[in-house]
Amino acid sequence: MRKTLAVFIFLLVSLSAFCEAPELKLIMPNSWLKLTKISGNESNAILEQSSDALQTVYKEYEPDIKDSIVPKFQVYTIYKQTEGPDIFYRILISSESIENCLATNKGFVQVLCYKGKKRNVLLMTGVYNIIEYGEQYHLVYDSLDILLKKKSGTYGLLYAKTRVPIADDHKMIKVCKNQIAGKEDAEYFIIKDLNQVSVSDHTTWNLLPDGDSITISASDCLVDEKSPLKYSIQNAFDGDPATSFVENTDDDLMRIEVHIPLYNPKIAIINGYAQNSSLYKLNNRIKLFNYNYVLNDNQLDYQIQKCEGNDYLIVKKIYSGEKYNDTCIAELNFWHQDTGWLFGDIHE
């Protein structure tokens, strides 16, 4: 495992050296290393190829633009992401440059498109640092992630939402253990043909693919005020052991449920904050889950167990951290005969 982790860190450092999107590190912790910023004539060509997709997005957000909830579609910043043989574009729509938005704490809309044969195909949209009004005000942070299942040649699209309660002055509220907590939920789509994806307005504030989705619910997460998605739920499914889902609950336990009508899965877990052995020991790790299953401690690789019941993880006991009382999980995946590994391939 040490050799595997060393190779992973070397690749991560190598990618960082050539990364052209360091400005996104704090807002897209799962994707920034994969992105290349596009400008000039190429940017204009991509916008032209994405005009149908952007028109759909504009119609969805138009009421919120009029109410000044989301930014006017004035500045377009485009990033390219390559996965296997396929190219994706992330179009960030803001009232000014992304750098200025981050510096002045302003939000933006993100549009995820697939580079089609003739036109770019709209896959998902989300918002970042946008206020949601209701009985309790929240700041909303959406994560849009692409998971490649190489064995089957299919893609998983993960839309995850973190909602952070705020006070009347729009400052984040510390609600648990004197820390900021985010309310978590997600939807997951398995896509066999990216060219055939169609999108309609399912809910306010996001456009998601038509068809069946797998919903995911989870305990509240720990929120870093400077990087709100650093510890949120998408980290448990991104295939990167350097990122982790970190709970923020009163009892330091957590629950993650993947709502799919299949039973008795194999469950694969990378326990703790597995970025390195030091962070692993400083934070809580899972000891007992789903009442009957025990994870070994000091193991920073996948532990796989055949389990009974649905696709869920209920933590009952923990190994205590040396410094922090936050419980972490780096990776979570489920295997069924019909689906294979749900959130990307695992080499057993």
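The values are calculated or read from the model by the stated rules, or taken from the named source; none is laboratory data. The model shown is predicted, which means the values in this text are computed figures rather than measured ones. Cβ: placed from backbone, ideal geometry, glycine included. Neighbour counts: every protein chain shown. Accessible surface areas use protein heavy atoms only, side chains included; no ligands, DNA or RNA. Shrake-Rupley method; radii C 1.70, N 1.55, O 1.52, S 1.80 Å.
Modelled with pLDDT of 95 or more, touching a Lys or Arg at 6+ places or on another chain (Cβ under 7 Å) and surrounded by 14 or more Cβ atoms within 10 Å (Cβ to Cβ), is that true of residue 318? In short, yes. If you go through region 239-270 and keep only what is under 19 Å from residue 184 (Cβ atoms) and of a type in the set (S, T, N, Q), you end up with 243, 244, 248, 249. Does at least one position in region 161-169 carry a residue that is over 30 Å from residue 85 (Cα atoms), surrounded by 17 or more Cβ atoms within 10 Å (Cβ to Cβ), more than 18 Å from the chain's Cα centre (by Cα) and of a type in the set (Val, Ile, Thr)? The answer is yes; a qualifying residue exists.
Looking only at strands (runs of 3 or more DSSP E) that fall completely inside region 15-118, which ones have 3 or more residues that are buried (at least 19 other Cβ atoms within 10 Å of the Cβ), free of Cβ contacts under 8 Å to residues at least 60 places away in the same chain and of a type in the set (A, V, I, L, M, F, W, C)?
Working: elements: 35-38, 75-83, 86-94, 108-114.
So the answer is 86-94, 108-114.
Evaluate region 245-258: report whether one residue or more is surrounded by fewer than 22 Cβ atoms within 10 Å (Cβ to Cβ) and part of a strand (DSSP E or B). Working first, answer last.
Residues of region 245-258 surrounded by fewer than 22 Cβ atoms within 10 Å (Cβ to Cβ): 249-253, 255, 257.
Then keep just the ones that are part of a strand (DSSP E or B); that gives 255, 257.
Within region 245-258 (the criterion being surrounded by fewer than 22 Cβ atoms within 10 Å (Cβ to Cβ) and part of a strand (DSSP E or B)), the answer is yes, since at least one residue qualifies.
Would you tally the residues in region 293-313 being open to solvent by 20 Å² or more (accessible area, probe 1.4 Å) and without any contact (Cβ under 8 Å) to a residue 60 or more places away in the chain? Don't jump to the end; show me each part of the working.
Taking region 293-313 first, the residues open to solvent by 20 Å² or more (accessible area, probe 1.4 Å) are 293-294, 296-302, 304-306, 308-310, 312.
Now drop any that are not without any contact (Cβ under 8 Å) to a residue 60 or more places away in the chain, which leaves 293-294, 296-298, 302, 304-306, 308-310, 312.
Matching residues across region 293-313 total 13.
In the set (1) open to solvent by 10 Å² or more (accessible area, probe 1.4 Å); (2) in contact with a Ser or Thr (Cβ under 9 Å, 6 or more places away or on another chain); (3) touching a residue at least 24 places away in the same chain (Cβ under 8 Å); (4) within 24 Å of residue 33 (Cβ to Cβ), residue 144 fails one condition alone, (1). Out of region 100-129, which residues are at pLDDT below 95 and over 17 Å from residue 76 (Cβ atoms)? If the condition is that a residue be at pLDDT below 95 and over 17 Å from residue 76 (Cβ atoms), then 103, 104, 105, 116, 117, 118 are the ones that fit.
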